[in-house]
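Below: one structure, written as C-alpha cells.
The values are calculated or read from the model by the stated rules, or taken from the named source; none is laboratory data. Given the structure is predicted, the values throughout are model-derived calculations rather than measurements. A quick note on method: Cβ atoms are made from the backbone with ideal geometry, for glycine too, and the neighbour counts reach across all protein chains shown. Surface areas here come from the heavy atoms of the whole protein model, side chains and all, with no ligands, DNA or RNA. Shrake-Rupley method; radii C 1.70, N 1.55, O 1.52, S 1.80 Å.
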Amino acid sequence: MHSMKARTLWPILGLLVLAPISAEYLSGYLGQRLADLPGIVVSLVILAPLYGVPALLIREFARRTGRGWPSMIALAAAFGVVQAAVIDRSLFDPGYFDDSDFWQELPTPFLGIDISQLLAFVVGHVIWSFCAPIAIVESASPRTRDRPWLTWWGAALGIVAYLLAAAAIATESSYLPTPLEAGAVAIALIACVALAWLAPRPGRERSGASPSLTVTALTALALLSVYSTASAPEPGPWAWPSVGVAVIVLLLIAWLASRWSSRAGWDQRHVAVVASAPLIVYSLQAFLLPPADDPTAKYATNAVQLIAVIALAAWGIRRAERGVAV
C-alpha cells in the first residue's frame with residue numbers, strides 16, 4: 001500500500017506542476033525570464049490547483065469509470081468554459097484585454113463572443129491546460145497509468161484548493177455576466193458533462209495499421225502549428241478566413257485522432273508523441289514574440305524552455321515503452 005501511494009504521489013505532483021506551466025508559461029506571452037523562476041514557483045501556489053486539480057479530476061473520472069479520451073476531452077471543455085466564462089470571464093468582459101495585443105474584434109452573431117478567443121481559451125485549455133499534460137504524465141507513469149491516483153479525501157482536498165484558487169482569480173474582474181451569457185454557459189456545461197458521460201468507451205480496433213511514431217509526430221506538429229497560428233489572427237480582412245482555417249484544422253485533428261487511435265498498433269508511445277506536440281509548438285512559437293527588454297535574456301529563456309520540453313517529451317515516450325497499452 002505504501003509503495004502504491006508513492007507511485008501515485010509523483011504523477012499527482014507532476015500533473016499539478018505541468019498543467020499550469022503548459023497553460024501559462026510555454027507560449028511566452030507573459031514575458032517570463034530565467035531570473036523570474038522564484039516568482040514562477042510562488043505563482044504555482046495559485047496556478048497548480050487552478051489547472052492541475054481539474055486535470056487530475058478529469059483523469060480520475062475516466063480511470064474510475066473505464067472511460068477514455070472522448071470523455072476526458074468533453075470534461076476538459078467543461079473546465080475550459082468555467083475558466084474562461086466564470087472564473088476570469090475573458091470571454092465576456094470587454095475590459096479584460098485593454099492592455100493586451102492579443103484581443104481581436106471577431107464577434108460571433110450569438111452573444112458577441114470573440115471567436116478567436118473562444119478558440120484560444122476554451123480549446124486552448126482543452127489541449128494545453130488539461131489533455132496534453134494528462135497524456136504526458138500518464139505516459140511517464142506506466143505502473144499506474146490505468147489506475148486511479150486520488151483517494152476520495154485527496155479529491156475533496158483538491159476541489160477545495162481549486163475553489164479557493166478560482167475565487168482568488170475571479171476577484172480580479174468585476175464584470176457580471178448577463179442572464180443570456182449565464183444561460184449559455186449553463187447549457188454548454190450541461191452539454192459537455194452529458195457528452196463525457198455518453199461518449200463511447202474504448203472499443204474494438206478498426207482495420208488497418210496505425211501510422212509510425214515519426215508520421216504521427218510530424219502530423220501532430222504540423223497541424224497544431226497551423227491551428228495555433230490561425231486561431232489568433234492579425235486584425236484585417238484575413239482574420240475571419242484565418243479562424244475558418246483554424247476550425248477546419250481542429251476538425252481534421254479530431255478526425256485523424258479518432259481513426260488512428262482505434263487502429264491496430266496504436267499504443268501509449270503514440271499518445272505521448274501526440275501530447276508532446278502542443279508543448280513543443282508553444283515553446284517554438286515563444287521565439288516569435290518580440291522581446292520586451294533584454295533580447296539575450298528572452299531568447300536564452302526560450303531556448304532553455306524548448307530543451308526542457310523536448311527532454312520531457314523524450315522521457316515520456318521512453319517511459320511509455322514500458323507499458324504500451326492505451
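With respect to residue 49, is the statement that it is over 13 Å from the mean Cα position of the chain (by Cα) and without any contact (Cβ under 8 Å) to a residue 60 or more places away in the chain true? So that I can check it myself, show each step before the final result.
On the way: over 13 Å from the mean Cα position of the chain (by Cα): yes; without any contact (Cβ under 8 Å) to a residue 60 or more places away in the chain: no.
Judged against the criteria, residue 49 is not a match.
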Practice item. Taking the residues in the stretch 235-270 that are touching a Ser or Thr at 6+ places or on another chain (Cβ under 6 Å), part of a helix (DSSP H, G or I) and not polar (S, T, N, Q) as candidates, determine which candidate is farthest from residue 317 (Cα to Cα). Key: 243
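If only one of 289, 279 is modelled with pLDDT of 90 or more and hydrophobic (A, V, I, L, M, F, W, C), which one is it?
279
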Check your understanding: If you check 232, 220, which single one turns out to be surrounded by 12 or more Cβ atoms within 10 Å (Cβ to Cβ) and either at pLDDT 95 or above or touching a Phe, Trp or Tyr at 6+ places or on another chain (Cβ under 6 Å) (or both)?
Key -> 220
Study note, to complete from the structure: In the stretch 37-52, anything of a type outside the set (Ser, Thr, Tyr) and open to solvent by 10 Å² or more (accessible area, probe 1.4 Å) is listed as 37, 38, 39, 40, 41, 42, 44, 45, 46, 47, 48, 49
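Quick check on residue 20: is it closer than 24 Å to residue 301 by Cβ, in a helix (DSSP H, G or I), modelled with pLDDT under 95 and not acidic (Asp, Glu)?
In short, no.
When you scan the stretch 154-194, how many residues do you find that are more than 15 Å from residue 49 (Cα to Cα) and part of a helix (DSSP H, G or I)? Can you show your working first?
Within the stretch 154-194, the first condition is being more than 15 Å from residue 49 (Cα to Cα), and the residues that meet it are 171-194.
Filter again for part of a helix (DSSP H, G or I), leaving 179-194.
Matching residues across the stretch 154-194 total 16.
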Point to revise | Any pair with Cβ under 6 angstrom, 6 or more apart, that starts in the stretch 223-247 at a residue that is under 18 Å from residue 277 (Cβ atoms) and ends at one that is open to solvent by 60 Å² or more (accessible area, probe 1.4 Å) | key: 230/245
Check your understanding: Looking at (1) under 29 Å from residue 89 (Cβ atoms); (2) in contact (Cβ under 8 Å) with a residue 40 or more places away in the chain; (3) surrounded by 14 or more Cβ atoms within 10 Å (Cβ to Cβ), which is the only condition residue 140 fails?
Key -> (1)
Practice item. Could you tell me whether the stretch 260-269 includes any residue that is more than 21 Å from residue 138 (Cα to Cα) and open to solvent by 20 Å² or more (accessible area, probe 1.4 Å)? Key: no
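Every residue, every condition in (1) at pLDDT 95 or above; (2) aliphatic (A, V, I, L, M); (3) closer than 21 Å to residue 125 by Cβ, yes or no:
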position: 171; (1), (2), (3): no, no, yes
position: 181; (1), (2), (3): no, no, yes
position: 195; (1), (2), (3): yes, yes, yes
position: 207; (1), (2), (3): no, no, no
position: 248; (1), (2), (3): yes, yes, yes
**Study point:** Residue check, residue 168 touching a residue at least 12 places away in the same chain (Cβ under 8 Å) and surrounded by fewer than 16 Cβ atoms within 10 Å (Cβ to Cβ)
**Key:** yes
**Study point:** Residues located in the stretch 271-314, provided they are open to solvent by 40 Å² or more (accessible area, probe 1.4 Å), in contact with a helix residue (DSSP H, G or I) (Cβ under 6 Å, 6 or more places away or on another chain) and either part of a helix (DSSP H, G or I) or touching a residue at least 60 places away in the same chain (Cβ under 8 Å) (or both)
**Key:** 274, 287
